[in-house]
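Data block below; observations after.
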Amino acid sequence: MATEVLVPVLGESITEATLGEWLKQPGDKVAADEPIASLETDKVSVEVPSPVAGVMGQHAVSVGDTVQVGAMIATIDSGNGAAAAPTPAPAAAPAPAAEPEATGDTPAALSPSVRRAVLEHGVDPATIKGTGKDGRLTKEDVAAAASSKPATTSAPAAPAAAAPATGGRKEERVKMTRLRQTIAKRLKEAQNTAAMLTTFNDVDMTAVIEARAKYKDLFEKKHGVRLGFMGFFVKAATMALKDIPSVNASIEGDEIVYHDYADISVAVSSPGGLVVPVIRDAQDLSVAGIEKTIGDFGKRARDGALKMDEMKGGTFTISNGGVFGSLMSTPIINPPQSAVLGLHRIEDRPVVVNGQVVVRPMMYLALSYDHRLIDGREAVTFLVALKNAIEDPTRILIDL
């Protein structure tokens with residue numbers, strides 16, 4: 001007897017998704033609630049669990065297909081471990097194929113982004129140990145393998161040498177994921193709708209760096225999370241947003257909506273790209289509470305366990321391009337929000353302090369905002385308030 005696997009409810013107003021990858025192949029043994037497939041929605045990847053224990057039946061749809069909520073995508077055949085045991089036998093029959101399956105993901109089991117990384121780096125996925133959920137490969141695994149084992153990348157050079165005989169240069173076409181399509185659409189809409197402008201400032205990170213170095217061990221021991229820079233910036237931003245409410249507002253039709261709360265969207269990395277969960281009521285959280293929330297978001301983003309509701313809303317966004325080495329940028333706002341703060345890398349630069357040229361760890365700040373709602377004076381005032389709080393963290397403590 002076969003049990004149908006249906007596309008689960010994905011969240012409010014979301015009626016369809018794209019099948020990102022199959023986590024189980026026909027004949028594989030599955031346990032109840034074990035993920036068998038990954039769906040890509042407009043905001044986040046969602047795993048589809050098996051409704052019963054048994055043996056994976058036939059796939060009703062293919063990777064890349066669009067599926068509706070409630071649609072049948074596969075079947076689970078009844079059976080137990082003993083019935084499922086003979087299934088791996090056919091896979092073990094061809095000796096050359098048995099070894100890759102034992103040591104890593106097969107090309108068919110890789111997500112599109114990982115397959116692309118494998119092709120770019122010219123590595124054998126079967127030789128790489130995956131660190132993703134259930135041991136699956138991630139793009140970071142492929143990149144790490146390529147950098148740590150340069151000798152392995154030379155092996156594919158032989159086929160490359162034969163390329164000139166068949167035309168030389170190659171191209172690969174990969175369909176955009178639903179998440180990437182949504183990001184592209186929303187960013188272009190933001191450019192077409194908002195009157196965007198970016199204002200810059202810089203901040204001396206000396207005081208925050210010293211405070212972090214002095215208290216990081218005690219902080220981690222007490223709160224169970226590392227003390228980073230984002231906790232300071234999120235807290236300082238909530239204070240500045242209270243002083244300059246238009247930066248925390250949004251436009252709806254011909255009305256301006258002001259918020260007496262600060263729901264801060266923060267960009268974190270996931271195997272499928274950057275996602276932007278929301279820290280609710282950040283104005284009421286301590287630096288420790290903010291760091292705990294961000295740490296939890298980061299862990300669950302890597303595991304693909306973020307929930308749809310955690311990606312919705314947000315009144316203001318902070319994006320930290322500095323972790324990737326960015327010196328300066330002009331971030332694009334995330335509608336219906338009216339502003340986004342861009343953080344960048346910290347580097348030693350000569351600055352003048354009390355008439356003397358000294359070297360200080362400096363960071364550029366960028367505030368992109370909708371000029372329809374936020375005036376230049378307000379944007380500059382917001383950045384100055386943020387700069388003052390970071391350069392003198394005591395202001396954060398006494399709410400000044």
Item to check | Filtered residues of the stretch 371-397 (kept if in a helix (DSSP H, G or I), open to solvent by less than 30 Å² (accessible area, probe 1.4 Å) and under 30 Å from ASN192 (Cβ atoms)) | outcome: GLY376, ALA379, PHE382, LEU383, LEU386
Item to check | Counted residues, the stretch 274-288 - those being open to solvent by less than 20 Å² (accessible area, probe 1.4 Å) and either of a type in the set (Gly, Ala, Ser) or on the phi > 0 side of the Ramachandran plot (or both) | outcome: 2
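Does the stretch 295-309 hold any residues that are open to solvent by less than 40 Å² (accessible area, probe 1.4 Å) and either small (Gly, Ala, Ser) or touching a Pro at 6+ places or on another chain (Cβ under 9 Å) (or both), and which are they?
Applying the first criterion (open to solvent by less than 40 Å² (accessible area, probe 1.4 Å)) to the stretch 295-309 yields 295, 297-298, 301, 304, 306, 308.
Matches in the stretch 295-309: GLY295, PHE297, GLY298, ALA301, GLY304, LEU306.
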Checklist entry - In the stretch 230-240, what residues are open to solvent by 10 Å² or more (accessible area, probe 1.4 Å) and closer than 13 Å to GLY289 by Cα? => result MET230, PHE232, LYS235
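Kindly indicate whether any position in the stretch 185-205 is aliphatic (A, V, I, L, M), under 28 Å from SER45 (Cα atoms) and either within 23 Å of the chain's Cα centre (by Cα) or not in a loop (DSSP other than H, G, I, E, B) (or both). So that I can check it myself, show each step before the final result.
Of the stretch 185-205, the ones aliphatic (A, V, I, L, M) are 187, 190, 194-197, 203, 205.
Adding the requirement that they be under 28 Å from SER45 (Cα atoms) leaves 187, 190.
Filter again for either within 23 Å of the chain's Cα centre (by Cα) or not in a loop (DSSP other than H, G, I, E, B) (or both), leaving 187, 190.
There is at least one residue in the stretch 185-205 that is aliphatic (A, V, I, L, M), under 28 Å from SER45 (Cα atoms) and either within 23 Å of the chain's Cα centre (by Cα) or not in a loop (DSSP other than H, G, I, E, B) (or both).
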Checklist outcome for this item: Over the stretch 43-74, the set of residues among the aliphatic types (A, V, I, L, M) and part of a loop (DSSP other than H, G, I, E, B) is VAL44, VAL52, ALA53, ALA60, VAL61, VAL63, VAL69, ALA71
Next on the checklist: With the requirement that a residue be touching a residue at least 60 places away in the same chain (Cβ under 8 Å) and not β-branched (Val, Ile, Thr), what does the stretch 376-394 give you?
Outcome noted: GLY376, GLU378, ALA379, PHE382, LEU383, ALA385, LEU386, LYS387, ALA389, GLU391, ASP392, PRO393
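Specify which of the listed residues (VAL208, VAL247) is more than 17 Å from GLY314 (Cα to Cα), among the hydrophobic types (A, V, I, L, M, F, W, C) and open to solvent by less than 50 Å² (accessible area, probe 1.4 Å). Outline the logic, then answer.
Details: VAL247 fails: more than 17 Å from GLY314 (Cα to Cα).
Residue meeting the stated conditions: VAL208.
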Next on the checklist: Please count how many residues of the stretch 278-323 are within 21 Å of LEU227 (Cβ to Cβ) and among the hydrophobic types (A, V, I, L, M, F, W, C).
Outcome noted: 11
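Listed here are the residues, each with its yes/no results for (1) without any contact (Cβ under 8 Å) to a residue 24 or more places away in the chain; (2) open to solvent by less than 40 Å² (accessible area, probe 1.4 Å); (3) of a type outside the set (Gly, Ala, Ser).
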residue: MET311; (1), (2), (3): no, yes, yes
residue: THR315; (1), (2), (3): no, yes, yes
residue: PHE324; (1), (2), (3): yes, no, yes
residue: PRO335; (1), (2), (3): no, no, yes
residue: LEU343; (1), (2), (3): no, yes, yes
residue: VAL358; (1), (2), (3): yes, no, yes
residue: TYR369; (1), (2), (3): no, yes, yes
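Return yes or no: is GLY231 over 12 Å from THR315 (Cα atoms), at pLDDT 90 or above and not hydroxyl-bearing (Ser, Thr, Tyr)? Full working, then the answer.
Details: over 12 Å from THR315 (Cα atoms): yes; at pLDDT 90 or above: yes; not hydroxyl-bearing (Ser, Thr, Tyr): yes.
Answer is yes for this residue.
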Checklist entry - Counting only residues that are modelled with pLDDT of 90 or more, of a type in the set (S, T, N, Q) and assigned to a loop (DSSP other than H, G, I, E, B), which one in the stretch 327-342 is nearest to LYS235 (Cα to Cα)? => result SER338
Checklist entry - Within the group ALA31, ALA37, which residue is surrounded by fewer than 19 Cβ atoms within 10 Å (Cβ to Cβ) and aliphatic (A, V, I, L, M)? => result ALA31
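Could you check, for the stretch 161-175, whether at least one of its residues is touching a Leu at 6+ places or on another chain (Cβ under 8 Å), assigned to a helix (DSSP H, G or I) and modelled with pLDDT of 80 or more?
So in the stretch 161-175, the residues touching a Leu at 6+ places or on another chain (Cβ under 8 Å) come out as 172.
Keeping just the survivors that are assigned to a helix (DSSP H, G or I) gives none.
There is no residue in the stretch 161-175 that is touching a Leu at 6+ places or on another chain (Cβ under 8 Å), assigned to a helix (DSSP H, G or I) and modelled with pLDDT of 80 or more.
The values are calculated or read from the model by the stated rules, or taken from the named source; none is laboratory data. None of the values given here were measured: they were computed from a predicted structure. Ideal geometry is used to build each Cβ from the backbone, glycine not excepted, and the neighbour counts take in all protein chains shown. We work out accessible area using only protein heavy atoms, side chains counted, and drop any ligands, DNA or RNA first. Shrake-Rupley method; radii C 1.70, N 1.55, O 1.52, S 1.80 Å.
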